[in-house]
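Below you'll find the structure, written out as structure tokens, and then a few comments.
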Amino acid sequence: MTERKIRVLVAKPGLDGHDRGAKVIASAFRDAGMEVVYTGLHQTPEMIASAAIQEDVDVVALSILSGAHMTLFPRVLQLLRERGRGEILVTGGGIIPKEDMEELQKMGVGRLFGPGTPTSNAVAYIQEWFAKGRAREEAAEAAEAPDAAVPPVGAKRKPAGGRRGGRKRS
């Protein structure tokens, strides 16, 4: 069975017009074998959440340099949760103070990356997150699997009472 690719939406929310970092990380994700959707500049949180759902992505990676990270990350996370897609990882990077990174992570945002972070760190983080999620899915599927004691469909069963015909007739 072929392993499915990780699907990542890379977005630039807000009025920030600097997209070089977003393009670099999108290329790094693509080079690592991920499917990447890049939304372009000036996206609203609503546009990002809609695109994430429409594209059926596993991860939303936001690039924010404008200082609006404490508004934009929580809003995207909230919209995804409201639309029943709270399992999508929201991560990203930009110029985000450490204290704000910690606060955002408490809200449910994934790991955040600052300027100068090697792209391989973000790639590895997403791959590890995805692998853990797949392992949880497989464990849940195994737990829901029918009990091994139940005979397979079409197998002959002994009738109740241990003999053909069920109970003894008089």
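We did not get these values from a lab; they are worked out from the coordinates using the rules stated. On a predicted model such as this, the values are computed, not experimentally measured, just so you know. Cβ atoms come from the backbone with ideal geometry, glycine included; neighbour counts cover every protein chain shown.
A straight Cα-to-Cα reach below 16 Å connects Lys23 with the aspartates and glutamates Asp31, Glu35, residues fewer than 8 places away in its own chain not being considered.
Label zone (Glu103, point 7 Å along Cα-to-C-beta; backbone nitrogen cut-off 17 Å) within the range 59-84: 64-78.
Scale the Cα Rg of the range 7-144 by the rule-of-thumb value 2.2 N^0.38 Å and send over the ratio, two decimals.
Working: Rg = 14.3 Å, N = 138, 2.2 N^0.38 = 14.3 Å.
Dividing the Cα radius of gyration by 2.2 N^0.38 Å gives 1.00.
Once the C-beta distance of Lys132 and Thr44 is scaled by a Förster radius of 41 Å, the resulting FRET efficiency is 0.85 to the nearest 0.05. Full extension of the chain between Ala68 and Glu3 gives 19.8 nm of extra length, using 0.36 nm per residue less the Cα-Cα distance.
Under the combined filter of DSSP loop state and at most 15 neighbouring Cβ atoms within 10 Å, the range 45-116 retains these trypsin sites (Lys or Arg not before Pro): Arg83, Arg85.
Computed from backbone phi with θ = phi - 60° and the Karplus coefficients 6.51, -1.76 and 1.60, the 3J(HN,Hα) list for the range 114-124 is x, x, x, 5, x, 4, 4, 5, 5, 4, 4 Hz; x is used for glycine and proline. The H on the amide N of Phe113, modeled in the peptide plane, is under 5 Å from the matching H of Gly92, Gly93, Gly94, each at least 5 residues off or on a different chain.
Considering every Cα-Cα pair within the range 85-128, what fraction, in whole percent, is farther apart than 17 Å? It would help to have the intermediate numbers written out before the result.
Working: 305 of 946 pairs.
The proportion of pairs with Cα distances above 17 Å equals 32 percent.
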